[in-house]
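Q: Quick one: the structure is below, and I'll ask about it shortly.
The values are calculated or read from the model by the stated rules, or taken from the named source; none is laboratory data. Note that this is a predicted model, so its numbers are computed, not measured. Positions of Cβ are backbone-derived with ideal geometry, glycine not excepted, and every protein chain shown enters the neighbour counts. Surface accessibility is based on the protein's heavy atoms, side chains included, excluding ligands, DNA and RNA. Shrake-Rupley method; radii C 1.70, N 1.55, O 1.52, S 1.80 Å.
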Amino acid sequence: QVQVVESGGGLVQAGGSLRLSCSASGSVFSITRMGWYRQAPGKQRDLVAVITSGGTITYAGSVQGRFTISRNNARNTVYLQMDSLKPEDTAVYYCDAYVSARHYWGQGTQVTVSS
């Protein structure tokens with residue numbers, strides 16, 4: 001079992017920045033990938049950025065160059081630095097820990113970008 005907790009959401013004006021944090025606990029040795037997904041009202045949950053245990057990073061095209069994912073392995077924590085935010089980035093952001101083909105989700109944190 002893995003538990004995931006996010007923090008760091010909030011309200012920001014367009015062009016601003018936010019940093020999300022995600023901490024994992026439990027069977028963290030079995031996590032192969034951690035990352036961030038987001039879900040806007042009425043839409044499906046989409047990948048934002050993920051990082052594997054080996055350090056391979058994947059970004060959604062819509063955030064490439066604006067968002068940066070990083071991890072602190074010693075603290076089992078993943079961060080998402082979000083710069084140049086746009087109103088279309090408004091969504092609930094979920095942290096995910098991927099273990100043996102199963103997703104462990106956090107409770108989500110709201111990010112709202114005003115125009």
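Q: With the requirement that a residue be part of a strand (DSSP E or B), open to solvent by 50 Å² or more (accessible area, probe 1.4 Å) and touching a residue at least 12 places away in the same chain (Cβ under 8 Å), what does segment 76-111 give you?
A: Q81, Y98, W105, Q110
Q: Sticking with this structure for a sec: What number of residues in segment 18-30 are under 15 Å from the mean Cα position of the chain (by Cα), open to solvent by less than 60 Å² (accessible area, probe 1.4 Å) and touching a residue at least 60 places away in the same chain (Cβ under 8 Å)?
A: Of the residues in segment 18-30, 4 are under 15 Å from the mean Cα position of the chain (by Cα), open to solvent by less than 60 Å² (accessible area, probe 1.4 Å) and touching a residue at least 60 places away in the same chain (Cβ under 8 Å).
Q: So, A14, is that one of a type in the set (A, V, I, L, M, F, W, C) and without any contact (Cβ under 8 Å) to a residue 24 or more places away in the chain or not?
A: Spelling it out, it is not the case that A14 is of a type in the set (A, V, I, L, M, F, W, C) and without any contact (Cβ under 8 Å) to a residue 24 or more places away in the chain.
Q: Looking at segment 1-11, which of its residues are open to solvent by 20 Å² or more (accessible area, probe 1.4 Å), of a type outside the set (S, T, Y) and part of a strand (DSSP E or B)?
A: Q3, V5, G10, L11
Q: Would you please name the residue that is nearest to the chain's Cα centre (by Cα), looking only at residues in segment 31-51 that are closer than 16 Å to V2 by Cβ and open to solvent by 40 Å² or more (accessible area, probe 1.4 Å)?
A: So the residue we want is R33.
Q: Pick from segment 47-83 the residues that are at pLDDT below 95 and of a type in the set (G, A, S): which of them is farthest from S100 (Cα to Cα)?
A: A74
Q: Now a separate question. Can you spot a residue in segment 60-75 that is closer than 20 Å to V4 by Cβ, part of a loop (DSSP other than H, G, I, E, B), open to solvent by 40 Å² or more (accessible area, probe 1.4 Å) and polar (S, T, N, Q)?
A: Within segment 60-75, none of the residues are closer than 20 Å to V4 by Cβ, part of a loop (DSSP other than H, G, I, E, B), open to solvent by 40 Å² or more (accessible area, probe 1.4 Å) and polar (S, T, N, Q).
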